[in-house]
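Quick notes on the structure that follows.
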Amino acid sequence: MTEAKITLHKGDLPEGLDFGSSVAIDTETLGLNVHRDRLCLVQLSAGDGTAHLVQFDGKDYSAPRLKALLASEDILKIFHFARFDVAVMAKYLGVSTSPVYCTKIASKLVRTYTDRHGLKDLLSELAGVEVSKQQQSSDWAADQLTPQQLAYAANDVLYLHQAKKKLDMMLEREGRTELACSAFGFLPTRAELDLNGFGELDIFSH
């Protein structure tokens, strides 16, 4: 695994940064309760071995350049468990992220031979990369993030393009590409339902 280039930004992306037609994105928060736990960090990668991390102080979420990227219909946003990331960014950044691709959903649609759809297992199998989840439960609201935290955060986006490429081939092979695209298209609505208190309720049930 080659050394990745990680750049930390405060409050927004720098002007003129171009991720191309698709960007891998992840978030770090103070927990997994979208109503309680604030957004601390947004990680982005073009899949080229570089990662850009945007750190928030909990007060200023204006971030015009990041918001423009999230809302751009010309750039595909790749996530692992997009449902949470899209919801937390909608809450704190006030933006609806689209179009979206979720490697966790794709994995569940085609890796039906396993129940291990976490990022660590997915990257191990599809990208041949072993990532550490040691910093998963750490204080992402700290003023100064440690090198270990930065490396952990970057790893969550550096290899998503590779995983997507393999998953796309598997979706095509199993005839489930259209189904996956429909599920991805529903994700912004799924996030909105979560934010409106319908998280665990199946509104499609009788």
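The values are calculated or read from the model by the stated rules, or taken from the named source; none is laboratory data. Since this is a predicted model, take the numbers as computed values, not measurements. Don't worry about glycine lacking a Cβ; one is built from the backbone with ideal geometry, like all the others, and counts go over all protein chains shown. Accessible surface areas use protein heavy atoms only, side chains included; no ligands, DNA or RNA. Shrake-Rupley method; radii C 1.70, N 1.55, O 1.52, S 1.80 Å.
Overview of results
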quantity: Residues located in the stretch 59-69, provided they are of a type outside the set (Ser, Thr, Tyr) and either open to solvent by 30 Å² or more (accessible area, probe 1.4 Å) or closer than 16 Å to PRO99 by Cα (or both); calculated: LYS59, ASP60, PRO64, ARG65, LEU66, LYS67, ALA68, LEU69
quantity: Residue in the stretch 70-83 that is charged (D, E, K, R), in contact (Cβ under 8 Å) with a residue 60 or more places away in the chain and open to solvent by 50 Å² or more (accessible area, probe 1.4 Å) present; calculated: yes
quantity: Contacts under 6 angstrom Cβ, first residue in the stretch 98-118 being without any contact (Cβ under 8 Å) to a residue 24 or more places away in the chain, partner surrounded by 15 or more Cβ atoms within 10 Å (Cβ to Cβ) and among the charged types (D, E, K, R), 6 or more apart; calculated: HIS117/LYS104; HIS117/LYS108
quantity: Candidate set: the stretch 8-45, residues that are touching a strand residue (DSSP E or B) at 6+ places or on another chain (Cβ under 7 Å) and open to solvent by 30 Å² or more (accessible area, probe 1.4 Å); chosen: the one nearest to GLN162 (Cα to Cα); calculated: SER21
quantity: Options LYS104, LYS91, LYS120, LYS108; residue that is modelled with pLDDT under 95 and not small (Gly, Ala, Ser); calculated: LYS120
quantity: Test result for GLN148, among the polar types (S, T, N, Q) and touching a residue at least 24 places away in the same chain (Cβ under 8 Å); calculated: no
quantity: Hey, ASP121 more than 30 Å from GLY58 (Cβ to Cβ) and either free of Cβ contacts under 8 Å to residues at least 40 places away in the same chain or not in a helix (DSSP H, G or I) (or both) or not; calculated: yes
quantity: Restricting the stretch 159-200 to residues that are over 18 Å from SER107 (Cβ atoms) and hydrophobic (A, V, I, L, M, F, W, C), the residue that is surrounded by the most Cβ atoms within 10 Å (Cβ to Cβ); calculated: ALA191
quantity: In the stretch 19-34, the residues that are in a loop (DSSP other than H, G, I, E, B) and either free of Cβ contacts under 8 Å to residues at least 12 places away in the same chain or of a type in the set (Asp, Glu) (or both); calculated: GLY31, ASN33
quantity: Conditions (1) without any contact (Cβ under 8 Å) to a residue 24 or more places away in the chain; (2) within 24 Å of SER138 (Cα to Cα); number of the one not met by GLY16; calculated: (2)
quantity: Top-ranked residue in the stretch 133-158 [being over 15 Å from the mean Cα position of the chain (by Cα) and acidic (Asp, Glu); ranked as nearest to LYS108 (Cα to Cα)]; calculated: ASP139
quantity: Search result, residues across the stretch 174-192 that are without any contact (Cβ under 8 Å) to a residue 12 or more places away in the chain, farther than 13 Å from SER96 by Cα, part of a helix (DSSP H, G or I) and not β-branched (Val, Ile, Thr); calculated: GLU178, CYS181, SER182
quantity: Subset of the stretch 87-145 that is hydroxyl-bearing (Ser, Thr, Tyr) and touching a strand residue (DSSP E or B) at 6+ places or on another chain (Cβ under 6 Å) - its residue that is most open to solvent (accessible area, probe 1.4 Å); calculated: TYR92
quantity: Test: residue in the stretch 47-64 that is more than 20 Å from THR7 (Cα to Cα), part of a strand (DSSP E or B), in contact (Cβ under 8 Å) with a residue 24 or more places away in the chain and not basic (Lys, Arg); calculated: no
